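The values are calculated or read from the model by the stated rules, or taken from the named source; none is laboratory data. Values in this document were obtained by computation on a predicted structure and should not be read as measured data. Positions of Cβ are generated from backbone atoms using ideal geometry, with glycine treated the same way; all protein chains shown enter the neighbour counts.
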Amino acid sequence: MQYRRIIYILIILLSSVQRTSAQELRFSLGALAGLSLSQIDGDNLQGYDHVGLMAGLNSTAHITGRFSFSVELMYNQRGSKSNRLSNQNYLPTPLKVTTEYAEINALFHLLDWLHEQEKYYRLDAFAGVTIGKLIRTKITDPTVRVENFNNIATEFNATDLGFILGVGYKINRNWGWGLRFSRSLNKLFDAEKSRIASPVLRDWKAYFIALYTFYTF
């Protein structure tokens, strides 16, 4: 229910901006795709070892020459994976958690470094919020611990709220590269509310870094 309310708020915000500044705003559509490196704080694994895919579409309202607002509809794979240091008892199969999300991101952009001939800005610094809906979970955990990741996954939070910070660079008017960091604000797994009785369980929160390419139509 909370997820739906936030979507409605974003739609209303975009509609109001379009009504009040229809003659001043210019809109564009785009697409982006890339790879992410992610981890989960609290799972007792170390490092950004999980490699995932991210892809989506965006709509941007160019408010002024250097400021814009965009909404993204994204598919994102996040999670965690053990490395040799964190792989307990050196299991031959790495422990791995993959969470797949459908996301809506709302971002504010500050543009700089104008291309004098082509009249577009090369640099884009942005920040905003993300709301994700968990659509699929894949677990690899061959251990027989009570805190086996398969048991924990049954109690994952279906909604993810977080923030995004990033920067983009345009190679030309259409193509560019981007780098972003995202951190969840709420818990993927709440150890205090869990039915699993284990003294080693901690709250889980997700982080990821993504490198991607984007195209503006």
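For segment 196-210, indicate whether the set of residues that are within 20 Å of Ser59 (Cα to Cα) and at pLDDT 95 or above is non-empty.
Looking for residues that are within 20 Å of Ser59 (Cα to Cα) and at pLDDT 95 or above, one finds at least one in segment 196-210, hence yes.
Would you please name the residue that is nearest to Ala55 (Cα to Cα), looking only at residues in segment 120-179 that are modelled with pLDDT under 95, charged (D, E, K, R) and exposed (fewer than 14 other Cβ atoms within 10 Å of the Cβ)?
Arg173
For segment 102-119, give me each residue that is surrounded by 13 or more Cβ atoms within 10 Å (Cβ to Cβ) and not β-branched (Val, Ile, Thr).
Ala102, Glu103, Asn105, Ala106, Leu107, Phe108, His109, Leu110, Leu111, Leu114
Tell me, yes or no, whether segment 158-167 has at least one residue that is assigned to a loop (DSSP other than H, G, I, E, B), in contact with a Leu (Cβ under 7 Å, 6 or more places away or on another chain) and aliphatic (A, V, I, L, M).
Yes, segment 158-167 has at least one match.
Hey, among the residues in segment 181-195 that are surrounded by 15 or more Cβ atoms within 10 Å (Cβ to Cβ) and touching a residue at least 40 places away in the same chain (Cβ under 8 Å), which one's farthest from Asp41 (Cα to Cα)?
Checking each candidate, the answer is Ser194.
With the requirement that a residue be hydrophobic (A, V, I, L, M, F, W, C) and surrounded by 12 or more Cβ atoms within 10 Å (Cβ to Cβ), what does segment 196-217 give you?
Ile196, Leu201, Trp204, Ala206, Phe208, Ile209, Ala210, Leu211, Phe214
With the structure loaded, tell me whether Ile135 is in contact (Cβ under 8 Å) with a residue 12 or more places away in the chain and assigned to a helix (DSSP H, G or I) or whether it fails that test.
no
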